[in-house]
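The numbers here are math on the coordinates, done by the rules we state, and not lab data. Because the structure is predicted, anything quoted here is derived from the model rather than measured. Please note: Cβ atoms are built from the backbone with ideal geometry, for glycine as well, and neighbour counts cover all protein chains shown.
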Amino acid sequence: MTADPAPHPPATADEVEAARHDPKLANVLYHDWEASSYDEKWSISYDERCITYAADRFRHIAGEHGWPYGRALELGCGTGFFLLNLMQAGVAARGSMTDLSPGMVGAALRNARLLGLDDGAVDGRVADAERIPYDDDTFDLVVGHAVLHHIPDVELALREVLRVLRPGGRFVFAGEPTRIGDAYARRLGRLTWRATTTVTRLAPLRGWRRPQAELDESSCAAALEAVVDLHAFDPAMLERLARRAGAPDARVATEELTAAMLGWSVRTFEAAVSPGKLGLRWAMFAYRGWQRLSWLDRTVLSRIVPPAWFYNALVTGTKPAG
């Protein structure tokens, strides 16, 4: 068994400065930095909660036709959240996980082993989505979650996706920010951060405040995050881009409006306060609140609010036969 990819050493000040002008370097530095704490930060798990979430995202845009796919590839795998949970849901039998960040690929492979998925079922490698290191017609399915907005040339990456897909193979990308959604999410995040860090300076609440070193680190991570988030998408434009890349049947859907507003506020609050102050009751409040607002978004607001106002965009399409 080959060793897991080693993360980039802690970034120097010169590298961080260079990353401000090099989005690919910024992606490596940021995601290597986040790899060890990413699952905790985003409440990622590999149990029924996230298995259902991943499968529902897939089903929402692509349905269940074709399950199980034989071999699947994930671009920008992070810690393996999307593909590993889709495999557990029965969407794909075998998987290959790729990311520009060695730290993330290593974390994803460790998660796969913890789930009992050996080298015969899952493999991983460091790879650039604009130059996917696999042969033509290799995969039945290509997936990604919150990855397209990190890629400098999205159309080139989608052309590569279609190249490595077998004829009739499908791609599914979820969790991509819309332009309007990104605008209100960032504003909510800044307001929540400012309010929380201000209030926890007060004497009665100082015990809730994270140590200043951790707050400074979060601020540095946020600064790099602003560099790696390259795009927010207009849904109609994303659909046209996917069709231009070579998928004439590509289509886009959107989801999460009020649920995204809650989610961004909750995640920002959690990053600003001491984790010891938040327990299971808080976690259940956040999760059930998100569930209820997702229901509202899906069953009510999706009928009356323009699709472009929702936060998440999902896109799917197939490689033409022949």
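Once you order the gyration tensor axes a ≥ b ≥ c over the Cα atoms, which shape class does the stretch 209-301 get: rounded for a/c under 1.5, otherwise prolate or oblate by comparing a/b with b/c?
Because a/c hits 1.5 or more and a/b fails to exceed b/c, the stretch 209-301 counts as oblate.
Quote to one decimal, in nm, the extra length available between residue 231 and residue 288 on full extension: 0.36 nm per residue of separation minus the C-alpha distance between them.
Once the chain is fully extended between residue 231 and residue 288, it gains 17.5 nm.
If you add up the charges near residue 250, with Lys and Arg at +1 and Asp and Glu at -1, over every other residue whose beta carbon is less than 12 angstrom from its beta carbon, what do you get?
+3
Would you pull out the residues with amide H under 5 Å of residue 122's amide H, same chain only if 5 or more places away, H placed 1.01 Å from N?
Amide H to amide H, under 5 Å and 5 or more residues apart or across chains, residue 122 pairs with 95.
With a point put 7 Å past each Cα toward its Cβ, work out how far residue 130 is from residue 308 in nm, to one decimal.
Computed distance between label sites residue 130 and residue 308 equals 2.7 nm.
Which length gain, in nm to one decimal place, applies between residue 194 and residue 277 when the Cα-Cα distance is subtracted from 0.36 nm times their residue separation?
28.0 nm
Helix 154-164 against the longest principal axis of the chain: what's the angle in degrees, Cα atoms only, rounded to the nearest 10?
Value to nearest ten degrees: 40.
Nearest 10 degrees, 0 to 90: what angle lies between the long axis of helix 212-228 and the longest principal axis of the chain (Cα atoms)?
30 degrees
What are the lysines whose alpha-carbon lies under 17 Å from the alpha-carbon of residue 277, with same-chain residues fewer than 8 places away excluded?
In chain and number order, the partners are 41.
Using the basic label-point model (7 angstrom from Cα toward the beta carbon), what is the residue 24 to residue 251 distance in nanometres?
3.5 nm
Sorted from largest down, give the three principal axis spans of the alpha carbons of the stretch 1-77, whole angstrom values.
Reported extents, whole Å, longest axis first: 49, 32, 24.
Based on the Cα gyration tensor of the chain, what are the three equivalent ellipsoid semi-axes, each the root of five times an eigenvalue, rounded to whole Å and given largest first? Mind dumping the intermediate values first?
Details: eigenvalues 193, 110, 76 Å².
That gives 31, 23, 20 Å for the three semi-axes.
For the chain, what does -39500 (n - 2.57) per DSSP helix run (n ≥ 4), summed and divided by total residues, give at 222 nm, in deg cm²/dmol to the nearest 500?
Numbers: 12 runs with 154 residues, N = 322.
Helix contribution divided over all residues of the chain: -15000 deg cm²/dmol.
Return the FRET efficiency for the residue pair residue 219, residue 14: r is the Cβ-Cβ distance, R0 is 30 Å, and the value is rounded to the nearest 0.05.
0.95
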